[in-house]
Amino acid sequence: MNISVEQTIHLTTKNTQLSLLVLDSGHLLLGYFGKKIGEVSLAYVVEEIQRASYMADTDGIKDFKLEQLPNLYPAFGNPDLRTPAHLERDASGSAIADFRYKSHSFSNEKKPLKELPYCQSQEDVTTLTIILEDALTKNELAITLSAFEKQDVFTQSVCYHNHSEATIQIENMQSLSLDFLSDRFDLITLNGAWGRETKINRRPLVQGIQGVDSKRGASGHGQNPFIALVDPQTNDEQGTAIACSLLYSGNFQASAEVDMHQNTRLQIGINPFQFSWELVSGDSFTTPEAVFFYTDQGLNTLSQTFHRFYQNCLLRGPWAKKSRPVLLNSWETFYFDFNREKLEKLAEKAKEIGIECFVVDDGWFSKRADSSSSLGDWVPNEAKLGGSLTDVIQSIHQKKMLFGLWLEPEMVSPDSDLYRNHPDWIIQSPGRTPQLIREQYVLDLSLKEVQDHLIVVLTTLLKTYKIDYIKWDMNRNMTDLWSGGLPENRQNELAHRYILGLYRILEEVTQAFPHVLFESCAGGGGRFDPGMLYYMPQTWTSDDSDAISRLSIQEGTSFVYPPVAMSCHVSAVPNHQLGRMTSLNTRTTVAQQGNFGYELDLNQLSKSEEDELKQQIVSYKKERETLQFGIHYRLSPYDKNQVAWQKKNEKTGDIIVSHVTILVQPNTVQKRLKLEGLNPQASYSFENTVRTGSELMEIGLMIPRPSHDFYASQWFLKKVKE
């Protein structure tokens with residue numbers, strides 16, 4: 001191809017490398033992304049590309065086919081005709097832009113993003129800032145790439161600066177766009193629905209556009225802001241992968257586009273559907289941050305890299321690395337039907353069995369007796385509580401337990417003082433009857449007065465009462481998108497402005513009360529994303545508390561997110577969602593994969609169940625550090641009727657292995673389960689047996705014969721001191 005590379009820019013971590021090529025034309029290309037190879041000249045990577053037919057030449061230069069090249073942050077139609085990373089219109093209505101390299105600089109710091117969550121580290125971080133400029137308008141794109149040396153992770157955000165005198169209308173700005181000169185990939189996404197979130201979905205790439213997105217106002221139950229390209233031969237233990245995750249909680253898209261010549265364009269960012277942003281002269285717009293990295297060590301390493309990075313560089317405050325309490329949530333015990341006597345009786349039993357945090361869920365406020373009223377009126381119902389909320393909290397604290405409350409601050413009931421006083425505070429389209437879903441409306445968090453109101457209400461609540469834990473719920477998605485705070489030509493800014501408003505509220509409240517353990521929820525996993533984890537270190541994984549359903553839900557969620565961030569509870573049987581019967585041992589084994597708690601009426605347990613539960617809590621507390629913060633491995637059982645995982649304590653080397661057989665099958669011979677990540681020369685003791693790491697990884701543990709459906713087993717392996 002008739003092109004020339006003017007300079008190469010390298011950005012590296014401990015084991016990986018990102019290399020950019022600047023053409024003499026000023027176009028910026030991705031020359032290489034993968035295992036570290038050194039600061040070698042990579043001009044040949046693009047100079048040796050052979051021309052293809054029926055593509056436009058660039059700058060009038062014969063055979064300079066920009067559409068064939070791995071552009072780093074491409075525009076549309078000049079003359080690349082693939083999906084652009086950004087699209088904006090000038091005053092003439094033209095969407096043609098021509099941004100080319102102007103300058104770059106390196107820094108040893110990483111600056112915060114205004115109004116958005118971001119990753120930060122006390123360890124070595126190198127930040128590369130590249131400025132692209134449009135020669136006609138003098139507008140600039142600032143691409144900020146940070147390399148986290150020890151984490152082997154990169155982040156990227158892009159800022160559009162309008163230096164022209166005209167107003168610019170941004171219609172698309174992706175956080176990340178990576179071009180690869182191959183289509184030999186499988187695509188991995190996390191998909192599902194309410195009650196069956198984050199199923200791992202893997203399929204081969206085909207020509208065209210494929211991926212996931214959300215238009216719901218939240219990241220959503222049906223999809224997660226994550227995407228990965230992996231070699232078709234990659235499995236949990238080996239193979240290459242490129243993974244991307246977005247620090248954002250609203251409408252997003254994550255896509256892979258395979259063009260006519262087997263090249264792949266990977267993108268992640270705000271969903272351009274019904275999105276635009278008016279950018280006046282002198283103003284700027286910044287995208288959410290994307291996290292991305294390469295590994296050649298398989299999918300377990302992919303997951304462990306995300307876990308380590310988010311635990312060390314995303315989660316904030318004293319709870320980021322602090323062991324989480326064993327809690328009891330009142331929801332599936334009482335739903336709305338409780339009083340002081342019921343709460344006290346349940347709390348007393350919770351104290352007896354070793355619960356550490358007692359949470360009163362929905363129904364504690366105003367005249368809330370069902371889902372039809374009172375959202376927005378966050379005043380304790382003293383008649384229902386049998387006195388003041390302070391009295392209830394003191395009673396719980398006297399039992400040596402933390403106290404928690406459920407809230408749904410983003411919503412309002414029509415039957416509420418808040419709605420009667422401020423009917424204009426909801427998201428609604430003029431002249432149309434707003435959709436009433438779950439008997440509630442969505443507050444317009446793009447309005448500063450709504451943000452200010454919620455900040456005052458929540459701050460007052462947390463100052464007035466000694467609350468240790470908040471479960472922050474969101475139980476419906478956005479409809480009727482329109483805001484009275486925006487002019488008619490800026491209504492497509494609403495969905496993003498809502499998220500920015502939410503982030504402002506969360507920043508104010510969570511930073512003012514760092515001792516409070518905040519848990520995010522959106523009808524379960526409807527907003528389980530890195531953006532929310534920046535403010536709240538854990539999320540309710542799913543409203544489906546059935547242990548067997550949770551196997552795939554928790555496997556998919558832990559594909560990206562640290563297990564300590566996943567709230568997982570033991571619930572009653574028959575299960576309230578599915579009616580399934582599973583043993584207490586199985587329910588406990590599955591719930592201990594993440595952040596452990598209970599959601600059942602302890603007073604309905606038999607004496608033997610109560611004794612078993614007490615012993616489980618004692619055992620859990622003893623092994624909590626390994627279960628919550630241990631290195632997490634997906635293990636590969638003999639068939640799909642089994643699920644297994646392993647936790648490794650980095651400090652002690654101790655191992656906990658969990659295994660579930662889903663359905664009993666007749667006339668089968670049990671197989672062995674091979675472990676991962678052990679020291680081959682070390683010895684491990686368990687069940688009066690000592691075996692080497694090599695034996696356990698190459699031969700494995702004998703899986704017990706199940707005596708019933710949904711049969712769980714656990715092994716606790718102690719590393720023998722040498």
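Return the Rg/Rh ratio of the range 94-253 with Cα-based radii and a Kirkwood Rh.
On the way: Rg = 18.1 Å, Rh = 18.3 Å.
Reported Rg/Rh (Cα atoms, Kirkwood Rh): 0.99.
Which value results for Rg/Rh of the range 57-172 when Rg is the Cα radius of gyration and Rh the Kirkwood radius based on the inverse mean 1/r?
The Rg/Rh ratio comes out at 1.02.
Could you tell me which chymotrypsin sites (Phe, Trp or Tyr not before Pro) in the range 265-337 are loop residues by DSSP with no more than 13 other beta carbons within 10 angstrom of their beta carbon?
Sites meeting the loop and neighbour criteria: Phe273.
Determine the percent antiparallel among the DSSP beta bridges restricted to the chain, to the nearest 5.
Taking every DSSP beta bridge with both residues in the chain, the antiparallel ones total about 80 percent.
Could you work out the longest stretch of the chain that avoids the trypsin sites (Lys or Arg not before Pro) located in DSSP loops with at most 11 other Cβ atoms within 10 Å?
Numbers: sites that count: Lys62, Lys114, Lys400, Arg432, Lys640, Lys651, Lys721.
The answer is 115-399.
Which whole number in µm²/s is D for the chain by Stokes-Einstein, with the Kirkwood Rh taken over Cα pairs at 4 °C and 1.567 mPa s?
48
Excluding Ser571 itself, what net charge comes from residues whose Cβ is under 12 Å from its Cβ, given Lys and Arg +1 and Asp and Glu -1?
Net charge in that neighbourhood comes out at -3.
Taking the chain as a whole, which cysteines find no other cysteine Cβ under 4.7 angstrom from their Cβ?
Lone cysteines by the Cβ rule: Cys159, Cys244, Cys357, Cys521, Cys568.
Can you list, bin by bin at 10 Å, the percent of alpha carbon pairs in the range 599-722, starting at 0?
12, 38, 34, 15, 2
Quick one: P(r) of the range 160-226 from all Cα-Cα pairs, 10 Å bins, percents rounded to integers, in order of increasing distance.
For the range 160-226, the pair-distance distribution reads 15, 35, 28, 16, 5, 0.
Each residue of the range 201-206 in turn: what ³J(HN,Hα) in whole Hz from Karplus with 6.51, -1.76, 1.60 and θ = phi - 60°, glycine and Pro shown as x?
10, 10, 8, x, 5, 10
Give me the net charge of Leu132's neighbourhood, meaning all other residues with Cβ under 15 Å from the Cβ of Leu132; Lys, Arg count +1, Asp, Glu -1.
Summing Lys/Arg as +1 and Asp/Glu as -1 gives -4.
About the Cα centre of the chain, what is the dipole size in debye to 20, counting +1 per Lys and Arg Cβ and -1 per Asp and Glu Cβ, all else neutral?
Dipole size: approximately 2160 debye.
Return the lysines within reach of Lys35: Cα separation strictly under 17 angstrom, same-chain partners fewer than 8 residues apart disregarded; answer none if there are no such residues.
Lys14, Lys150
Using only the Cα atoms of the range 423-465, construct the convex hull and provide its projected area averaged over every direction, in square nanometres to one decimal.
Over every viewing direction, the Cα hull of the range 423-465 projects on average to 3.9 nm².
Any chance you could check the Cα centroid distance between the range 284-363 and the range 162-206 for me, in angstrom?
When both Cα centres are located, 27 Å separates them.
Using the alpha-carbon centroid of each, what span in Å lies between the range 652-671 and the range 513-530?
Cα centroid of the range 652-671 versus Cα centroid of the range 513-530: 32 Å apart.
Per-residue HN-Hα couplings for the range 481-493, Karplus 6.51 cos²θ - 1.76 cosθ + 1.60 at θ = phi - 60°, whole Hz, x for Gly and Pro?
Residue by residue, the range 481-493 yields 4, 5, 10, x, x, 10, x, 4, 7, 10, 5, 6, 8 Hz.
Which chymotrypsin sites (Phe, Trp or Tyr not before Pro) in the range 20-99 pass both tests, a DSSP loop state and at most 12 other beta-carbon atoms within 10 Å?
In loop regions of the range 20-99 (DSSP not H, G, I, E or B), the sparsely surrounded chymotrypsin sites (Phe, Trp or Tyr not before Pro) are Tyr54.
If I compute solvent accessible area with a 1.4 Å probe over the protein chains, what percent of it on the chain is carbon and sulfur?
48
With the Cα gyration tensor of the range 365-496 in hand, convert its eigenvalues to equivalent ellipsoid semi-axes via √(5λ) and list them largest first in whole Å.
Details: eigenvalues 202, 47, 28 Å².
Equivalent-ellipsoid dimensions as semi-axes: 32, 15, 12 Å.
For Lys671, list the aspartates and glutamates whose Cα falls under 14 Å from its own Cα; do not include residues on the same chain fewer than 8 positions away.
Qualifying aspartates and glutamates at Cα under 14 Å: Asp639, Glu698.
Would you kindly derive the ³J(HN,Hα) couplings of the range 270-280 from the backbone phi angles with the Karplus curve 6.51 cos²θ - 1.76 cosθ + 1.60 (θ = phi - 60°), listing them in order in whole Hz, with x for Gly and Pro?
My calculation for the range 270-280 gives 4, 5, x, 5, 6, 10, 7, 8, 7, 10, 6 Hz in order.
By the scheme Lys and Arg +1, Asp and Glu -1, what is the net charge of all other residues having a beta-carbon under 14 Å from that of Thr301?
Taking every Cβ under 14 Å from that of Thr301, the sum is -1.
Determine the relative contact order of the chain: mean sequence separation of Cα pairs under 8 Å and six or more apart, normalised by residue count, in whole percent.
Result for the chain is 10 percent.
How much accessible area per residue does the range 95-190 have, in Å², with a 1.4 Å probe? Working shown, then result.
Values: 3940 Å² over 96 residues.
Averaged over the residues of the range 95-190, the accessible area is 41 Å².
Roughly how compact is the range 641-694, stated as its Cα Rg over 2.2 N^0.38 Å to two decimals?
Numbers: Rg = 13.5 Å, N = 54, 2.2 N^0.38 = 10.0 Å.
Scaled against compact globular proteins, the figure is 1.35.
Do the sum for the chain: with -39,500 (n - 2.57) for every DSSP H run of n ≥ 4, divided by all residues, what is the mean residue ellipticity at 222 nm, to the nearest 500 deg cm²/dmol?
-6000 deg cm²/dmol
For the pairs Lys345/Lys400; Lys349/Lys399; Lys114/Lys322, flag any whose C-alpha to C-alpha distance is greater than 20 Å.
Lys114/Lys322
Please identify the GluC sites (Glu not before Pro) of the range 56-158 that satisfy two criteria: DSSP loop assignment and at most 14 other Cβ atoms within 10 Å. Which are they? Intermediate values should be presented prior to the final figure.
Details: sites: Glu67, Glu88, Glu109, Glu115, Glu123, Glu133, Glu140, Glu149; in loops: Glu109, Glu115, Glu123, Glu149.
Taking the range 56-158 and a limit of 14 other Cβ atoms within 10 Å, the loop GluC sites (Glu not before Pro) found are Glu109, Glu115, Glu123.
The values are calculated or read from the model by the stated rules, or taken from the named source; none is laboratory data. What you see is a predicted model; the values in this text were computed from it and never measured. Backbone-built Cβ (ideal geometry, glycine too); neighbour counts: all protein chains shown. What goes into the accessible areas is simple: the full protein's heavy atoms, side chains included, and nothing from ligands, DNA or RNA. Shrake-Rupley method; radii C 1.70, N 1.55, O 1.52, S 1.80 Å.
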